[in-house]
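Here the structure comes first, spelled out in C-alpha cells, and everything after it is commentary.
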Amino acid sequence: MPNALTWLFLAALLAATATRLWLARRQIRHVRAHRDAVPPSFADTIPLNAHQKAADYTAAKTRFGIASTLIDAVLLLILSLGGGLQWLSEVWASVLEPGSLWHGTALLLSLFFVQGIVSLPLALYRTFVIESRFGFNRMTLALFFADLAKQVAVALVLGVPLLLAVLWLMARMGEHWWLYVWMVVTAFSIGLQLVIPPFILPLFNKFTPITEGELARRIAALLERCGFKSSGLYKMDGSKRSSHGNAFFTGFGATKRIVLFDTLVERLQPSEVEAVLAHELGHYRLHHIVKMLALSTALTFVGLWILGQLIGEAWFYAGLGVTTQTTATALALFMLVGSEFTFFLHPLLTLYSRKNEFEADAYAKGHAASTDLIQALVKLYRDNAATLTPDPLHSAFYDSHPPAAIRIARLEAK
C-alpha cells in the first residue's frame, strides 16, 4: 500500500525528471540560437563550420539524453513501485534461501543485469549512430562487444567479493553495520586506484612508453620543475575507439602514471601538451584528487548512515514497492532511488569541481606558457566538437569544467 514515502519518492522523481527535461530543452534552444555566429573571443581560432558542428553534436547528444532520461524514469518505476525488484527477489527465493548471502548477491547482480540490458541499445545508438554521424566513432561492433565482455568480467571479479563482504557485514555487524561497510568500501575504492593502472587498463588499451623526443624531454623537465614523480609517461591507443583526444593521470603512489591519448599527441604541439599536463599536475599538487576522494568518502558515509536508519523500517520497503525485507532489497532500493533525492545537489558539486579547474589552470600558468594552454584548449574544443555556447543553467548542473569563454578569459588575465 502507498504511504508517505511513496508520494515523497514520486514527487522527487517527478521534480528531478522534469528538471532534467527542462534543462535539456534549454540547452538545445540556447545552442541553436547561437549556432550561426562564433563567439567574438573565438572568431579568429574557431571556423564557423566547426562551431556549427559542435552545436549540432551537442543538440544531438542532448536529444538522446532526453530519451535516456525518460527510459531511466520508467525503468525505475517498474523496478520499485511496479514490483520488479520484488519479483526478482521471489524468483531467486525459489532456488536460494531468502535473505541468505547468496540470495542477496544474486538479487543485486540480476538487478545490475536488467539495468545493463536496458542500457545496451542506448549505448549502441550513442556509439554507432551519434558518434559515427559526427565522425568520432572508430569502434567496430566486434570491439564494442569485446570491451563489454571484459567490463562484465572485471566487474564480476572485483564486484562479487565486494558484494559478499558488504552483505555479510550488513547481516552480522548489528546496528552499526553501516560503519564497517563504509570502511570496507573506502578501502576498496583506494585499492582500486592501485590496481587499475597496471592490471585493468591494459586489458582495454595498449600503452606505449614515451621516452624519447622533444615531448619526452619537455614532460621530464615539467615534472622536475613541479617536483612530481610518476611510474612513466605513456601514449594510449585511444584512436581505435574514438577520435576524441584526452589526457589523464591515474593511480596513487608508485602506480602513478601519465597517459596521453594518441589523438592528443597527434593534434597538439609538444609545448601545448606540456601545458595540458601542467594543468593536470596542478590537480595533484593542489591535492584536488585527495579532496575529491575525501568528499566522495564523506558522501558515502552519510548515505550508508541514512540507510542504516531506514533498513529496519517496514514503511521504507512498503513505500517503494517491496514486501520482502532483506539487507539486499534495502541496499538495492537505496541505490535505485538515491539519485532522485540528491539530484538538486548537482550544482554544488559542479561549483566545487569548477573551483578546482580554475586553480589547476592558475597552477599551469606558473609552470607553462598560458598561451600554449589556451591554444591547446581551443584545439580540443574544436576537435572534440565541444560547444562554446552552452546554456548557463544546464552547464551549472552538469559541466564539471567552466565554460570555454570564462576559462580562457581567466587564463588571459594577468
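Once each part is reduced to its C-alpha centroid, what is the distance from segment 123-148 to segment 32-86 in angstrom? What the calculation gives is 17 Å, centre to centre.
Which residue, ALA247, ALA18, ALA376, tops the fluctuation ranking in a GNM of the chain built on C-alpha contacts under 10 Å? The residue that fluctuates most here is ALA18. Hey, which of these cross-link pairs are over 23 Å Cα-Cα: LYS150/LYS229; LYS291/LYS355; LYS240/LYS379; LYS150/LYS291? Going by Cα-Cα distance, LYS150/LYS229; LYS150/LYS291 fall outside the 23 Å limit. Just to be sure I understand: with springs between alpha-carbon atoms less than 10 Å apart, which residue in HIS244, HIS394, HIS287 has the highest mean-square fluctuation in the Gaussian network model of the chain? For the chain, modelled as a Gaussian network with Cα springs under 10 Å, the answer is HIS287. Looking at segment 178-307 alone, DSSP beta bridges between its own residues are antiparallel in about 65 percent of cases.
Counting only Cβ charges, +1 for Lys and Arg and -1 for Asp and Glu, the dipole size of segment 161-235 around its Cα centre is about 200 debye.
Can you check what the Kirkwood hydrodynamic radius comes to for segment 15-157, Cα pairs only, in Å to one decimal? About 18.5 Å, per the Kirkwood formula over Cα pairs. Sparse packing (at most 14 other Cβ atoms within 10 Å of the Cβ) combined with a DSSP loop state is found for none of the chymotrypsin sites (Phe, Trp or Tyr not before Pro) in segment 360-401. In segment 157-243, which GluC sites (Glu not before Pro) are in a loop and have at most 11 other Cβ atoms within 10 Å, using DSSP for the loop call? Within segment 157-243, the qualifying GluC sites (Glu not before Pro) (loop, at most 11 other Cβ atoms within 10 Å) are GLU212. Shown is the FRET efficiency for ARG172 and ASP44, computed with R0 = 56 Å from the Cβ-Cβ distance and rounded to the nearest 0.05: 0.30.
Of the trypsin sites (Lys or Arg not before Pro) in segment 168-246, the ones in a loop by DSSP (not H, G, I, E or B) with at most 16 other beta carbons within 10 Å are LYS206, LYS229.
Once C-alpha pairs closer than 8 Å and six or more residues apart are averaged by separation and normalised to the residue number of the chain, the relative contact order reads 25 percent. Using Cα springs under 10 Å in a Gaussian network model of the chain, which residue among THR323, THR140, THR350 shows the largest mean-square fluctuation? Comparing THR323, THR140, THR350 in the GNM, the peak value goes to THR140. Can you check what the net charge comes to around GLU357, using other residues whose Cβ is under 15 Å from the Cβ of GLU357 (Lys, Arg +1; Asp, Glu -1)? Around GLU357, the charge tally is +3. In segment 4-89, the alpha-carbon atoms span a convex hull of 109 Å³ per residue. In segment 118-230, the inverse of the mean reciprocal separation of distinct Cα atoms equals 18.4 Å; this is its Kirkwood hydrodynamic radius. Axis angle, to the nearest 10 degrees, between helix 101-125 and the longest C-alpha principal axis of the chain: 40 degrees.
Which percent, to the nearest 5, of DSSP beta bridges fully inside the chain are antiparallel? Looking only at bridges with both residues in the chain, the antiparallel portion is about 65 percent. Since only PHE252, ALA318, TRP305 are under comparison, the one whose Cα sits farthest along the positive direction of the charge dipole of segment 226-350, derived from C-beta charges on Lys, Arg, Asp and Glu, is PHE252.
In segment 270-367, inverting the average of 1/r over every pair of distinct C-alpha atoms gives 16.3 Å as the Kirkwood radius. Counted over all Cα-Cα pairs of the chain, pairs farther apart than 26 Å make up 63 percent.
Using just its DSSP H runs of length 4 or more, each adding -39500 (n - 2.57), the chain gives a mean residue ellipticity at 222 nm of -23000 deg cm²/dmol after division by all residues.
Bear in mind that the values in this text are calculations on the coordinates, not laboratory data. These numbers were taken from a predicted model, which means no experiment stands behind them. Ideal geometry is used to build each Cβ from the backbone, glycine not excepted, and the neighbour counts take in all protein chains shown.
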